[in-house]
Amino acid sequence: MRDHRRSRRPAALLVATALAFGTVACGAGSGSAGSDDPNTLEVWTRSNPDPAATYERVFAAFTGKTGIKIDYQPVINFDQQLQSRASTKDLPDVMINDTALMGSYQSQGLLKPIDPASIRGGDEITEKTWASTVGIDGKHYGIPYSRQAQTLMIRKDWLGKLGFKAPTTWQEMLSVAKAFATKDPDGDGKADTYGMVVPGSAQNGYAAWWGASFLWQGGAEIIAPDGNDTYRPAMASTAAVHTVTWMKDNLFCGDNGVTQPGALTAVTSTATNFQDGNAGMYLTGPYNIATFDQTLGKDKYEVIPAPAGPAGGDVLADGENIYFGARTGKTAQERALAAFLISPEGQRLAMTGENQPVVRIPVNSTLNAAKVHGDARWSVVQRAYEDASEQFPNAPDFAPIKQDTADALNAIFTYCGGDVRSQLKELDETLAGDLKDQDLLK
């Protein structure tokens, strides 16, 4: 049995090991200047410069409407900086960050609970989307801001050249991937193309993040509710064994060239083969559409629903929530900002403009992604989110669970001779330890 203790991430340890709070890029201000001014909110996002410019435009519009100033901090090393601020009990007023982090933040006491009815426009967010902000205690700890779901990006010019249609099942996808890898779809006479791009590294949980859609399509779960607000590990199930075995045998082991070289050490920043033009498909998020349009060309690929497995075509959905820092005293101003961010005006501003959008699928149900983006491909993404998607469980601290699952999947796909059933049983023992650490194991 692997020692599950290596994956524990209690708040005290994170605070003790966090980097000292250093300089971060800033927009309307710097440091925590907003803390002492009741009419200024300090707002953090996890953003590089391009999306940060979109946030700047959104916040400027909010200030223009309300007079409430925003001390904006686009922070790249978000979690390290947040833990450092938590250690001084001086949290940002508002944070916009991943949905999957809510359980971790809430378990550390970093967030205020939120009543959806207190947020103007909250009734324009669907129950499904609000449900992803409920903590272990049944209270909401985030306000939905942006959602997205994975779809399959595929080279339509290669499909046409090789006489294939867009795949709708795993077996069709596998046949297309093998053809992309072996039949010279780019016509250069060289064996230099690959079937699909996979960010399969264990680093930061990528193998579990990418592999989750396949698990759900195969009828498997990583952890499953067990009643009374508890969970059980579920990766030793028959469905999980069959799914992981299929992935190992068909995508990673054997000399079929389905995945790009180095797939099991690749993360999203290094898995560039699709945009580089030498891989034919990529199961990924819609944030890549703008990049692929620029690098590959909009005419060369299409966006389609993920091919279905034995249990259907569900894909991973994720996104960002608006969080209110615990023990900050600006509730009215925070609610005003949240109301603007989820309003049709705020959502449109965040979806359009010259810089990278920070809202993909709008959480405001009065908006249609394809109409706002002016691009019919976004309807594929919106339908995937609304009709065929799942999210990682948001109430537990899912970070150690995702990481341990990624470690196990990466090892299974790397060492092809192992016994999948026994390896997944070992993973379940590790996941049981993770759940026990959080008092979530029945």
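Rounded to the nearest 500, the 222 nm mean residue ellipticity of the chain from helices alone is -11000 deg cm²/dmol, with -39,500 (n - 2.57) taken per DSSP H run of at least 4 residues. Relative contact order of region 229-318: 13 percent, from C-alpha pairs under 8 Å at least 6 residues apart in sequence. Only Lys, Arg, Asp and Glu carry charge here, each on its Cβ (+1 for the first two, -1 for the last two); on that basis the chain has a dipole of about 160 debye about its Cα centre. Placing one equal scatterer on every Cα of region 178-240 and applying the Debye formula, the log10 ratio I(q)/I(0) at q = 0.12, 0.18, 0.21, 0.24 Å⁻¹ is -0.51, -0.79, -0.90, -0.98.
The separation of region 125-165 from region 250-314, counted between C-alpha centres, amounts to 16 Å.
Surface composition of the chain: carbon and sulfur atoms hold 50% of the protein heavy-atom accessible area at a 1.4 Å probe. Working from label points 7 Å from Cα in the Cα-to-Cβ sense, the Glu390 to Asp36 distance is 5.1 nm.
Give me a comma-separated list of calculated 3J(HN,Hα) values for region 43-48, in order, Karplus coefficients 6.51, -1.76, 1.60 applied at θ = phi - 60°, integers in Hz, x for any Gly or Pro. These are the phi-based 3J(HN,Hα) values: 10, 10, 9, 8, 8, 7 Hz. Straight Cα distances below 18 angstrom link Lys128 to the lysines Lys139, with same-chain residues fewer than 8 positions distant left out.
Close amide H partners of Ala224, meaning residues 5 or more places away or on another chain with modelled amide H under 5 Å apart, are Arg232, Ala234. Work out how much length Arg421 to Ala370 would gain on full extension: take 0.36 nm times their residue separation and subtract the Cα-Cα distance, in nm to one decimal. Working it through step by step, the gained length comes to 14.1 nm.
Please find the FRET efficiency linking Asp249 to Glu172, where r is the Cβ-Cβ separation and R0 is fixed at 22 Å, and quote it to the nearest 0.05. Kindly include the intermediate steps, with their values, before the conclusion.
On the way: r = 17 Å, r/R0 = 0.78.
About 0.80, to the nearest 0.05.
With viscosity 1.567 mPa s and temperature 4 °C, the Kirkwood radius over alpha carbon pairs of region 156-290 converts through Stokes-Einstein to a diffusion coefficient of 81 µm²/s. Kirkwood analysis of region 76-178, using all unique Cα-Cα pairs, places the hydrodynamic radius at 17.4 Å. With contacts taken as Cα pairs under 8 Å and at least 6 residues apart, region 26-130 reaches a relative contact order of 31 percent. Entry comment: accessible area of the chain is 40 Å² per residue, from protein heavy atoms only and a probe of 1.4 Å. Over the Cα atoms of region 237-391, the radius of gyration divided by the Kirkwood radius equals 1.03; this is the Rg/Rh ratio. Loop-located trypsin sites (Lys or Arg not before Pro) in region 116-224 (DSSP state not H, G, I, E or B) with no more than 10 neighbouring Cβ atoms inside 10 Å: Lys165, Lys190. Of all the options Gly313, Gly205, Gly227, the one that moves most in a Gaussian network model of the chain with Cα springs shorter than 10 angstrom is Gly227. With R₀ fixed at 22 Å, the C-beta to C-beta distance from Ala224 to Asn204 puts the FRET efficiency at about 0.40.
If each residue of separation counts as 0.36 nm, what is the full-extension length gain between Asp293 and Asn355 once their alpha-carbon separation is subtracted?
Values: separation 62, 0.36 × 62 = 22.32 nm, distance 1.42 nm.
20.9 nm is the gain from fully extending Asp293 to Asn355.
Region 399-431 and region 188-211 have Cα centres lying 18 Å from one another. Which entry is the computed Kirkwood radius over Cα pairs in Å for this structure: (i) 22.7; (ii) 23.5; (iii) 22.1? Answer by label: (i).
Taking Thr133, Thr265, Thr151 in turn, the Gaussian network model of the chain (Cα-Cα springs below 10 Å) assigns the largest fluctuation to Thr265.
Put simply, the amide H of Glu42, placed in the peptide plane, has neighbours under 5 Å in Asp71, Asp93, Val94, leaving out anything fewer than 5 places away on its chain.
Among the complete DSSP H segments of the chain, which ones combine at least 20 Å of alpha-carbon extent along their axis with a mean Kyte-Doolittle hydropathy of 0.0 or more? Sorted by number, the helices that extend far enough and score high enough are 399-414.
The three principal axes of the C-alpha atoms in region 268-337 carry coordinate ranges of 53, 35, 22 Å, sorted with the longest axis first.
The values are calculated or read from the model by the stated rules, or taken from the named source; none is laboratory data. These numbers were taken from a predicted model, which means no experiment stands behind them. All Cβ positions, glycine included, derive from the backbone under ideal geometry; neighbour counts span all protein chains shown. These accessible areas exclude ligands, DNA and RNA; they are computed on the full protein's heavy atoms, side chains included. Shrake-Rupley method; radii C 1.70, N 1.55, O 1.52, S 1.80 Å.
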